[in-house]
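The values are calculated or read from the model by the stated rules, or taken from the named source; none is laboratory data. Please read these numbers as outputs of a predicted model, since none were measured by experiment. Cβ atoms come from the backbone with ideal geometry, glycine included; neighbour counts cover every protein chain shown.
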Amino acid sequence: MPLAVLDAFIAGDLPRARGLTDYSVPDEFPGQVLKVLELRRMQLAADPALAPWSARAMVRREDRVMVGYVNFHGPPGVNDIEAPGAAELGWSVFAAERRRGYATEAARRLMDWARDEHGVRRFISSTTPNNAPSLRVHDKLGFRRTGQVVDGEIIFELHS
Ligand SMILES: CC(C)(COP(=O)(O)OP(=O)(O)OC[C@H]1O[C@@H](n2cnc3c(N)ncnc32)[C@H](O)[C@@H]1OP(=O)(O)O)[C@@H](O)C(=O)NCCC(=O)NCCS
């Protein structure tokens, strides 16, 4: 999502955001993820070259509907455990679109991109112990627990 799109979402100006995108956006976005978008916007404003490592809309191919978003926390090296060269990612799917494999597919493709285009082989992710759907996504992707907990979140790692 380019800076202009993030700005429109953060301003709560959905019509402007919709005018800047070629996919449809449900009314519920950004909702609870506003703070994440604000953080990504700050990073992007400081260094526009970080765009590919920032927030991405998860868009369904068949009807160009946004079903969620996926993002890295920044370029490789920016992660909760400060692991050099490791990229941390996160995912969210709108409530009506869950349990269709979207988070798993999007996360897998995002990691494929980072590995193939940028040689990243180490990935970090985290979730709370009670987030059963996200724990399952970690499992399906092949993430393993590192044993670390940061801010109440279990840290996972994947070597690809
Ligand atoms: C976590 C989240 C992104 C998963 O998105 P999704 O597109 O539904 O994920 P997928 O369909 O790829 O996989 C979900 C898996 O969890 C399983 N699952 C869903 N709800 C579950 C539950 N309550 N208990 C156990 N497993 C559950 C699904 O059956 C599926 O596993 P399966 O393929 O073996 O059947 C989505 O639930 C979400 O956005 N939650 C709110 C935001 C959030 O928690 N983000 C992650 C922060 S770390």
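Remarks
- Any hit, segment 112-129, residues being surrounded by fewer than 19 Cβ atoms within 10 Å (Cβ to Cβ), within 15 Å of the ligand (Cβ to nearest atom), not in a helix (DSSP H, G or I) and not aliphatic (A, V, I, L, M): yes
- Residues being crowded, with 19+ Cβ neighbours inside 10 Å and either touching a residue at least 40 places away in the same chain (Cβ under 8 Å) or within 28 Å of Arg64 (Cβ to Cβ) (or both) - total across segment 130-144: 3
- Residue check for Ala103: more than 20 Å from Pro2 (Cα to Cα) and either out of contact with any helix residue (DSSP H, G or I) (no Cβ under 8 Å at 6 or more places or on another chain) or modelled with pLDDT under 95 (or both): no
- Selection status of Arg40, touching a strand residue (DSSP E or B) at 6+ places or on another chain (Cβ under 8 Å) and closer than 23 Å to Thr128 by Cα: yes
- The one condition in (1) within 13 Å of the ligand (Cβ to nearest atom); (2) surrounded by 13 or more Cβ atoms within 10 Å (Cβ to Cβ) that Thr21 fails to fulfil: (1)
- Within segment 79-93, residues that are free of Cβ contacts under 8 Å to residues at least 12 places away in the same chain have Cβ atoms under 6 Å from residues that are of a type outside the set (Asp, Glu) in these pairs: Pro84/Gly77, counting only partners at least 6 apart in sequence or on another chain.
- The set of residues in segment 37-74 that are basic (Lys, Arg) and more than 18 Å from Asp22 (Cβ to Cβ) comprises Arg40, Arg41.
- Lone qualifier among Gly90, Gly101, Gly147 - being of a type in the set (Gly, Ala, Ser), surrounded by 12 or more Cβ atoms within 10 Å (Cβ to Cβ) and at positive phi: Gly101
- Matching option when the condition is in contact with a strand residue (DSSP E or B) (Cβ under 7 Å, 6 or more places away or on another chain) and within 13 Å of the ligand (Cβ to nearest atom), among Arg60, Arg99, Arg64: Arg60
- Check on Val70, under 21 Å from Gly31 (Cβ atoms), buried (at least 17 other Cβ atoms within 10 Å of the Cβ) and more than 7 Å from the ligand (Cβ to nearest atom): yes
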